[in-house]
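The values are calculated or read from the model by the stated rules, or taken from the named source; none is laboratory data. These figures come from a predicted structure and were not determined experimentally. Counting neighbours? That spans all protein chains shown, and the Cβs are built from the backbone with ideal geometry, glycine included. Note: accessible area is taken over every heavy atom of the protein model, side chains too, but ligands, DNA and RNA are not part of it. Shrake-Rupley method; radii C 1.70, N 1.55, O 1.52, S 1.80 Å.
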Amino acid sequence: MFWRSLDFTNLLVEEWEEEFIVFQPASGKTHFLNKLGMQLLLELDKHHQSAYSEDQICQCLLERFQLQSAPHFLQQVEKTLHRFEELGLVEQVKQDPVSAR
């Protein structure tokens with residue numbers, strides 16, 4: 001499954017002691033994210049014209065935070081992506097739109 005960010009440029013983001021406060025004007029909701037969650041959104045937004053697979057997202061995050069791969073890491077990223085989808089921050093797409101052209 002592939003993922004991409006939704007309307008990231010309209011989010012209002014403030015960093016506060018390595019945590020992020022994200023206001024989403026479209027919904028009027030405020031979200032609190034840790035560094036990993038914020039980096040996930042930033043990675044998806046960086047390539048907003050295409051979409052990332054869950055494996056690609058995990059690889060970027062592992063490299064960014066210099067982490068070792070662990071079996072539960074992919075599951076945590078998948079869970080976070082689904083939660084972000086519920087919040088309207090990201091969307092799931094069937095395939096990478098750039099590859100489909």
Next item on the list: For region 30-78, just say rounded, prolate or oblate: build the C-alpha gyration tensor, square-root its eigenvalues into a ≥ b ≥ c, call rounded for a/c under 1.5, and beyond that prolate if a/b exceeds b/c, oblate if not.
Entry: oblate
Notebook entry, point to check: Using r as the Cβ-Cβ distance of H72 and S50, and R0 as 22 Å, what FRET efficiency do you calculate, to the nearest 0.05?
Noted result: 0.20
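Could you compute the FRET efficiency for T30 and F65, with r as their C-beta to C-beta distance and R0 at 25 Å, rounded to 0.05?
It comes out at approximately 0.50.
So, with a 1.4 angstrom probe, what is the percent of accessible area on the chain that is carbon and sulfur?
Its accessible area is 49 percent carbon and sulfur atoms.
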Notebook entry, point to check: Once you charge only the Cβ atoms, +1 for Lys and Arg and -1 for Asp and Glu, what is the size of the charge dipole of the chain about its Cα centre, to the nearest 20 debye?
Noted result: 280 debye
Note to self: How high is the relative contact order of the chain? Use alpha-carbon pairs under 8 Å, at least six apart in sequence, and give a whole percent.
What the structure shows: 37 percent
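Go through region 15-101 and name the GluC sites (Glu not before Pro) that are in a DSSP coil and have 13 or fewer other Cβ atoms within 10 Å of their Cβ.
Values: sites: E15, E17, E18, E19, E43, E54, E63, E78, E85, E86, E91; in loops: E17, E18.
Those that pass, being in a loop and sparsely packed, are E17, E18.
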Checklist line | Among S50, S27, S69, residue whose mean-square fluctuation peaks in a GNM of the chain (springs only between Cα atoms under 10 Å) | finding: S27
Checklist line | From phi via Karplus (6.51, -1.76, 1.60), per-residue ³J(HN,Hα) for region 64-69 in Hz, x at Gly/Pro | finding: 4, 9, 6, 9, 8, 5
